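Have a look at the structure below before the remarks.
The values are calculated or read from the model by the stated rules, or taken from the named source; none is laboratory data. Here the structure is a predicted model, which is why all the values come from computation and not from measurement. Counting neighbours? That spans all protein chains shown, and the Cβs are built from the backbone with ideal geometry, glycine included. Quick note on the areas: whole protein, heavy atoms, side chains included, nothing else; ligands and nucleic acids left out. Shrake-Rupley method; radii C 1.70, N 1.55, O 1.52, S 1.80 Å.
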Amino acid sequence: MPVPLTAPRDGTPEPVTTPADLDTAIDALAGGVGPVAVDAERASGYRYSQRAYLVQLRRAGAGTVLIDPLPFADLRELSERIGDAEWVLHAASQDLPCLAELELRPQRLFDTELAARLAGFERVGLAALTEQLLGYTLDKHHSAADWSTRPLPETWLAYAALDVELLVPLRDLLAAELDRQGKAGWAEQEFAALAASGAAPPRPRPDPWRRTSGIHRVRGQRALARVRALWYARDAIAARRDAAPGRVLPDSAIVAAADIDPPDERALLAIPGFGGRSVRRLARTWLAALTEARELPADQLPTPPPQEGPPPPHRWAERDPAAAARLGRCRQVVTEVAAANALPPENLISPDHIRRLAWRPPEELSLAAVSAALAGYGARSWQAELLAADLAEALRQP
């Protein structure tokens, strides 16, 4: 039976909040040995920013360190002192951007979630892996907490410390399993790519307002203009308050107002989502946004966004039947090779790479040309080695 892990073995450390304590913590971590377990806690769903509100580290010889990053401009010195060590993270792509904001950037890393995917584990969450491989259960009910809270409750700090307590032992078991399966080299390439680019912030999306939940129910350019105006009004308020946009005004309220187009405050406040006190206080802001959309010239109304890359696959059969057939054959190749290597298809190759390859294949359908095309999309060499020959054959079929 798995053993519940409820308290850190060395006790729960107090968060580091002063320059003197930070110097002591850095000295301890730099003087430790082996990999460094690293984690960060954000306040997603509560705050507008994705900054880290707690950084947890653990290293043999140093124990666990919890750092409150709010009092410090950055943690550059920590990164410089431990940067040559391997950093062990779980789902590194989620934490690397907020760590980079603090100037914490690994030179080498090991991602236990990605390692588990490559090794063919079906359940790759941290709690599931520690239970399956180490025999301990972790309580994850604080994962969605508001980590911007100060002071942080003792139970939250214990939870945060436990998140890094088992990472290095988990890393060692997963590394051994990858080596046993002959996948250690694949993992090294994936980890190197993460270390090189994972800290980059997400590329800004064109027209981010189009991701409003429920926007598919909005009909007409003028109604879409109302969604856009309300979205940007809400975003400005959320950024100013450092509050999650959905806590300022829910998407459902934006979509409902865009559909109804309320002419005055009474009609606006009758719409579900606009009745709360904080939302009512902003009634003039919402009405001004709706008026702006109502008065917008026709040539400034939203138009369909320009298509980047291939069209959605469900349209291929109509637009280009030959490309649709190529895509089907290429997807079958990915499915078969993934199954043969006990890999999730999405970790074998990005679905976007396959769509691009099938939509506009290279002129010469050779192994070298297909390998070069995959590399140009960002595929790693191990992925091309497994797939390129079969994909070239699939593309050549009539």
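The number of residues in the range 368-398 that are under 15 Å from CYS330 (Cβ atoms) and either open to solvent by less than 30 Å² (accessible area, probe 1.4 Å) or not small (Gly, Ala, Ser) (or both) comes to 20. Remark: pairs (first residue in the range 34-57, in contact (Cβ under 8 Å) with a residue 60 or more places away in the chain; second residue of a type in the set (Asp, Glu) and in a strand (DSSP E or B); Cβ separation under 9 Å; 6+ apart in sequence or on different chains) = GLY34/GLU86; PRO35/GLU86; TYR53/GLU41; LEU54/ASP39; LEU54/GLU41; GLN56/ASP39; GLN56/GLU41; LEU57/ASP39.
If you check TYR53 against the conditions, is it within 19 Å of the chain's Cα centre (by Cα), modelled with pLDDT of 95 or more, open to solvent by 20 Å² or more (accessible area, probe 1.4 Å) and within 20 Å of LYS140 (Cα to Cα)? Here the answer is no, as TYR53 does not meet what is asked. Could you give every pair whose Cβ atoms fall below 7 Å, whose first residue belongs to the range 330-355 and is in a helix (DSSP H, G or I), and whose second residue is of a type in the set (Lys, Arg) and open to solvent by 20 Å² or more (accessible area, probe 1.4 Å), counting only separations of at least 6 or pairs across chains? Every condition considered, the pairs that remain are ASN347/ARG117; ILE354/ARG331.
One residue stands out in the range 356-398 among those that are charged (D, E, K, R) and in a helix (DSSP H, G or I): the one that is farthest from GLN189 (Cα to Cα), namely ARG396.
So that you can scan it fast, the table gives a plain yes or no per residue for (1) more than 19 Å from TYR48 (Cα to Cα); (2) hydrophobic (A, V, I, L, M, F, W, C):
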position: ARG226; (1), (2): yes, no
position: PRO250; (1), (2): no, no
position: ILE254; (1), (2): no, yes
position: ALA258; (1), (2): yes, yes
position: PRO263; (1), (2): yes, no
position: LEU268; (1), (2): yes, yes
position: VAL279; (1), (2): no, yes
position: ARG294; (1), (2): yes, no
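Exactly one residue among VAL88, VAL65 is open to solvent by less than 20 Å² (accessible area, probe 1.4 Å), among the hydrophobic types (A, V, I, L, M, F, W, C), over 30 Å from ALA239 (Cβ atoms) and in contact (Cβ under 8 Å) with a residue 60 or more places away in the chain, and that residue is VAL88.
For every residue, the table says whether it meets (1) open to solvent by less than 40 Å² (accessible area, probe 1.4 Å); (2) among the basic types (Lys, Arg); (3) out of contact with any Cys (no Cβ under 6 Å at 6 or more places or on another chain).
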site	(1), (2), (3)
PRO4	no, no, yes
ARG9	no, yes, yes
GLU14	no, no, yes
LEU22	yes, no, yes
ILE26	yes, no, yes
ALA40	yes, no, no
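Only one of LEU133, LEU178, LEU166 is touching a helix residue (DSSP H, G or I) at 6+ places or on another chain (Cβ under 8 Å), free of Cβ contacts under 8 Å to residues at least 60 places away in the same chain and surrounded by 18 or more Cβ atoms within 10 Å (Cβ to Cβ); which? Result: LEU133 is the single residue among LEU133, LEU178, LEU166 that is touching a helix residue (DSSP H, G or I) at 6+ places or on another chain (Cβ under 8 Å), free of Cβ contacts under 8 Å to residues at least 60 places away in the same chain and surrounded by 18 or more Cβ atoms within 10 Å (Cβ to Cβ). For the range 56-92, residues that are within 19 Å of the chain's Cα centre (by Cα) and either in a loop (DSSP other than H, G, I, E, B) or at pLDDT below 95 (or both) total 2. Inside the range 15-50, residues that are at pLDDT below 95 and either within 18 Å of LEU157 (Cβ to Cβ) or of a type in the set (Phe, Trp, Tyr) (or both) make up a count of 0. The helices (runs of 4 or more DSSP H) found entirely in the range 180-275 that carry 1 or more residues being of a type outside the set (Ser, Thr, Tyr) and closer than 30 Å to ALA379 by Cβ are 184-197. What tally of residues in the range 242-268 results from selecting those that are over 31 Å from the mean Cα position of the chain (by Cα) and surrounded by 16 or more Cβ atoms within 10 Å (Cβ to Cβ)? Counting residues in the range 242-268 that are over 31 Å from the mean Cα position of the chain (by Cα) and surrounded by 16 or more Cβ atoms within 10 Å (Cβ to Cβ) gives 3.
For (1) more than 19 Å from ALA43 (Cα to Cα); (2) in contact with a Ser or Thr (Cβ under 6 Å, 6 or more places away or on another chain); (3) free of Cβ contacts under 8 Å to residues at least 24 places away in the same chain, each residue gets a yes or a no:
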position	(1), (2), (3)
ALA239	no, no, no
PRO245	no, no, no
LEU249	no, no, no
VAL255	yes, no, no
ALA258	yes, no, no
LEU268	yes, no, yes
GLY273	yes, yes, no
